[in-house]
Each structure stands twice: as C-alpha cells, then as structure tokens.
1. Out of Leu48, Leu36, which single residue is modelled with pLDDT under 80 and either small (Gly, Ala, Ser) or under 14 Å from the mean Cα position of the chain (by Cα) (or both)?
2. Could you list, in sequence order, all residues of the stretch 29-55 that are among the acidic types (Asp, Glu) and either open to solvent by 70 Å² or more (accessible area, probe 1.4 Å) or in a loop (DSSP other than H, G, I, E, B) (or both)?
3. So which residues in the stretch 70-84 are open to solvent by 100 Å² or more (accessible area, probe 1.4 Å) and either part of a loop (DSSP other than H, G, I, E, B) or touching a residue at least 12 places away in the same chain (Cβ under 8 Å) (or both)?
4. Considering only residues that are assigned to a loop (DSSP other than H, G, I, E, B) and surrounded by 10 or more Cβ atoms within 10 Å (Cβ to Cβ), which ones fall in the stretch 56-69?
5. Residue by residue through the stretch 9-29, note down the ones that are in contact with an Asp or Glu (Cβ under 8 Å, 6 or more places away or on another chain) and modelled with pLDDT under 75.
6. Determine, yes or no, whether Lys6 is in contact with a strand residue (DSSP E or B) (Cβ under 9 Å, 6 or more places away or on another chain), at pLDDT 80 or above and open to solvent by 100 Å² or more (accessible area, probe 1.4 Å).
7. Where the second residue is of a type in the set (Phe, Trp, Tyr) and not in a loop (DSSP other than H, G, I, E, B) and the first is closer than 7 Å to Val71 by Cβ and lies in the stretch 47-59, which pairs have Cβ atoms under 8 Å and are six or more apart or on separate chains?
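The values are calculated or read from the model by the stated rules, or taken from the named source; none is laboratory data. None of the values given here were measured: they were computed from a predicted structure. Glycine also receives a Cβ, built like all others from the backbone with ideal geometry; neighbour counts cover every protein chain displayed. The accessibility values were calculated without ligands, DNA or RNA, using every heavy atom of the protein model including side chains. Shrake-Rupley method; radii C 1.70, N 1.55, O 1.52, S 1.80 Å.
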Amino acid sequence: MNKKTKIIFLFLFFSIINLHAQVGIVTNNPNKDAVLDLSNENQKGLLLPNVKLLGTNDPTPLTSHVKGMHVYNTTPKTELETQK
C-alpha cells in the first residue's frame, strides 16, 4: 500500500467514526442531544456505581468532585461527616 492510499484510507476511516456521535442502547435512534440514550422497553432500571463516600463535602474514594456525576452512596447517614 503506497503512502497516498494509506492517507485516503485513514481519512475515510476517521470520517466514518465521526458520523456516530450518539450511542443508543436498545434504540436505533438515540436522542441527538444525548451522548448515551438508554431505552427501557422491559421496564428495567439503571444501576449506578455503588460508592462508600466519607462525607458530604469529601469525594473520597473518588479523586475529586465532578459536576453532574451521579453515584449511589452506600454510607449510612449516621456515619457521614456533614458539611459545616
């Protein structure tokens, strides 16, 4: 394969990849404004990651607070250090 053919192949490959920005699970038409679109035909739920946080103002064991991140905190309310 010569250099020109490789360049054309790479251009076409990366062009095709960029056409599908949205991902859908159990749907062929994901919402254009969503990165991930989960359909629910079988009335099932989404299981979020379970995390045992140390406090309401401490992201540990995560490395930092991330705006918009959702986790299921498994620490009982009585064990949480509350924000002061």
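1. Details: Leu48 fails: modelled with pLDDT under 80.
Residue meeting the stated conditions: Leu36.
2. Step one: list which residues in the stretch 29-55 are among the acidic types (Asp, Glu), which gives 33, 37, 41.
Hits for the stretch 29-55 are Asp33, Glu41.
3. Of all residues in the stretch 70-84, those open to solvent by 100 Å² or more (accessible area, probe 1.4 Å) come to 70, 72, 77-79, 81, 83-84.
Listed by number, the residues that qualify are His70, Tyr72, Glu81, Gln83, Lys84.
4. Thr56, Asn57, Pro59, Thr60, Leu62, Val66, Met69 - these are the residues of the stretch 56-69 that are assigned to a loop (DSSP other than H, G, I, E, B) and surrounded by 10 or more Cβ atoms within 10 Å (Cβ to Cβ).
5. Of all residues in the stretch 9-29, those in contact with an Asp or Glu (Cβ under 8 Å, 6 or more places away or on another chain) come to 22-27.
Answer for the stretch 9-29, where residues must be in contact with an Asp or Glu (Cβ under 8 Å, 6 or more places away or on another chain) and modelled with pLDDT under 75: Gln22, Val23, Gly24, Ile25, Val26.
6. Numbers: in contact with a strand residue (DSSP E or B) (Cβ under 9 Å, 6 or more places away or on another chain): no; at pLDDT 80 or above: yes; open to solvent by 100 Å² or more (accessible area, probe 1.4 Å): yes.
Here the answer is no, as Lys6 does not meet what is asked.
7. Leu48/Tyr72; Pro49/Tyr72; Val51/Tyr72
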